[in-house]
Structures are given as structure tokens and as C-alpha cells.
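Participant: Below is the structure I would like to discuss, written out as C-alpha cells.
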Amino acid sequence: MAETSLVAEHAATLFTLPVTHGAATLSAAPETEIASIAPFRGLAEEVGAILGQPLPEAGAMAESAPALLWAGHRQWFAVGDGAEDLAERLAGLAAVTDQSDAWAILRLEGEDWSAVLARLSPLDPRTLGPGRTARTELAHMSALLVGERDGVAIWVMRSLAGSAVGAVLEAMRSVAAQRPAL
């Protein structure tokens with residue numbers, strides 16, 4: 001019998017990224033450790049104390065190690081080095097699950113990133129300054145958007161990465177086609 005093994009691949013390896021159309025670029029963010037934190041009722045302050053800072057308010061992000069970002073009602077994500085050991089540190093205080101292979105993170109940057117996003121989501125892109133987060137719809141898919149200095153990180157479930165990339169590229173082409181010729 002032949003041996004087979006599964007090889008973990010970045011969700012965006014199926015696509016040729018980065019891609020630039022007009023003044024917008026779509027790229028794949030490097031894979032990182034992600035842990036979901038859902039404090040048990042009434043224990044959010046204790047969770048924050050163990051993490052060394054309060055959990056961010058709705059729609060906010062805290063730059064720390066690991067970074068903490070609001071991901072939805074009573075849910076936060078720890079992102080980056082150190083996220084993998086949170087289950088042990090928060091035992092009895094929060095439900096902690098490894099989400100590292102569940103999400104595909106894309107980066108949309110460039111002068112037209114907000115015009116592209118406006119075609120895909122009902123959210124006003126102006127609300128996504130650096131360090132701001134929002135759960136919203138992106139081309140009929142659930143998404144988490146994280147504002148960055150020069151654009152936005154688009155988090156979608158890994159199984160929807162292909163659909164998300166296709167929708168963003170289509171919107172990028174539309175915005176680029178409507179730019180005035182210089």
C-alpha cells in the first residue's frame with residue numbers, strides 16, 4: 001500500500017499573489033499563530049490580568065506580544081508568538097482554541113484599497129483606521145477586517161480563501177478600470 005502524507009500549505013499558495021491592479025495590491029499575509037479567547041462569564045478582567053493588559057474594547061486591537069484583537073461578541077484573537085501557550089495559562093478562565101489553520105489572511109494595500117473594499121462590504125472603510133477591527137460581510141462571506149497603516153487585513157475562513165481572492169481581484173479590476181487615465 002502506498003504511503004501518503006498531508007502537507008500543510010498556506011491558504012493563498014493556490015493563487016499567484018501579490019497582484020496589483022491600478023493603485024491597489026492584494027497579497028497574502030505570512031501565516032502566524034492565532035488563538036481564539038472566549039472568557040467565561042464574568043472572568044474577562046482576570047483574563048486581562050493574566051495577559052498583562054485589559055482585553056481590547058469592541059472594534060479595537062492592542063499591539064502586544066502576542067497582539068490581541070477584538071474578533072466578535074465576547075471573543076478575542078491572540079496573534080503571533082506566544083499564542084500557542086495561552087490555553088494552559090488561561091485554564092479555568094476562558095475557552096482557548098488554536099485557530100492558526102482556520103483563517104486565511106490577505107492584505108489589501110495601496111491608494112485605492114478603500115474604494116475596492118467599498119465594493120465588497122457594507123462597512124464604511126473610513127472606520128478602519130490602524131488598529132481597528134470589524135466583523136462584517138465581504139462579498140457574501142463572513143470576514144474580520146483589521147485596519148493597517150496602508151490598508152486592511154482581510155481575514156476569511158481558510159475554506160473561503162479562493163472565493164475571497166476572486167472577489168477582491170474583481171473589485172480591484174473594476175476600480176482600476178474607472179481610474180482616470182493620466
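The values are calculated or read from the model by the stated rules, or taken from the named source; none is laboratory data. Quantities reported herein were computed from a predicted structural model and do not represent experimental measurements. Glycine gets a Cβ as well: all are built from the backbone with ideal geometry, and neighbour counts include every protein chain shown. Just so you know, the surface numbers come from the protein's heavy atoms only, side chains and all, with ligands and any DNA or RNA stripped out. Shrake-Rupley method; radii C 1.70, N 1.55, O 1.52, S 1.80 Å.
Participant: Here is a check on your reading of the model: is Ala139 over 12 Å from Ala24 (Cβ atoms), of a type in the set (A, V, I, L, M, F, W, C) and open to solvent by less than 10 Å² (accessible area, probe 1.4 Å)?
Facilitator: Details: over 12 Å from Ala24 (Cβ atoms): yes; of a type in the set (A, V, I, L, M, F, W, C): yes; open to solvent by less than 10 Å² (accessible area, probe 1.4 Å): no.
Answer is no for this residue.
Participant: Condition test on Ser64, is it surrounded by 13 or more Cβ atoms within 10 Å (Cβ to Cβ), among the small types (Gly, Ala, Ser), part of a loop (DSSP other than H, G, I, E, B) and at pLDDT below 95?
Facilitator: Taking the combined requirement at face value, the residue satisfies it.
Participant: Only one of Glu31, Glu84, Glu88 is under 24 Å from Arg158 (Cβ atoms), modelled with pLDDT under 95 and part of a helix (DSSP H, G or I); which?
Facilitator: Glu84
Participant: Tell me which residues, restricted to segment 107-136, are on the phi > 0 side of the Ramachandran plot and open to solvent by 40 Å² or more (accessible area, probe 1.4 Å).
Facilitator: Those that are on the phi > 0 side of the Ramachandran plot and open to solvent by 40 Å² or more (accessible area, probe 1.4 Å): none in segment 107-136.
Participant: Something else about it: With Arg89, Arg74 as the choices, which residue is within 18 Å of the chain's Cα centre (by Cα) and either open to solvent by 10 Å² or more (accessible area, probe 1.4 Å) or not polar (S, T, N, Q) (or both)?
Facilitator: After ruling out the rest, the residue left standing is Arg74.
Participant: Also, quick follow-up: State all residues of segment 151-182 that are touching a Lys or Arg at 6+ places or on another chain (Cβ under 8 Å) and among the polar types (S, T, N, Q); if no residue qualifies, say none.
Facilitator: Restricting attention to segment 151-182, the residues satisfying the condition of being touching a Lys or Arg at 6+ places or on another chain (Cβ under 8 Å) are 151-154, 171, 174-175.
Within segment 151-182, Ser174 is the sole residue that qualifies.
Participant: Going by the structure shown, is Glu45 charged (D, E, K, R), modelled with pLDDT of 95 or more and in a helix (DSSP H, G or I)?
Facilitator: So Glu45 passes the test.
Participant: Going through segment 144-161 one residue at a time, which ones are closer than 15 Å to Asp101 by Cα, touching a residue at least 60 places away in the same chain (Cβ under 8 Å) and of a type in the set (Gly, Ala, Ser)?
Facilitator: Ala161
Participant: Here's another thing I want to ask about it. Filter segment 17-54 for residues that are free of Cβ contacts under 8 Å to residues at least 40 places away in the same chain and open to solvent by 30 Å² or more (accessible area, probe 1.4 Å) and give the result.
Facilitator: Those that are free of Cβ contacts under 8 Å to residues at least 40 places away in the same chain and open to solvent by 30 Å² or more (accessible area, probe 1.4 Å): Pro18, Pro30, Arg41, Gly42, Ala44, Glu45, Ala49, Leu51, Gly52, Gln53, Pro54.
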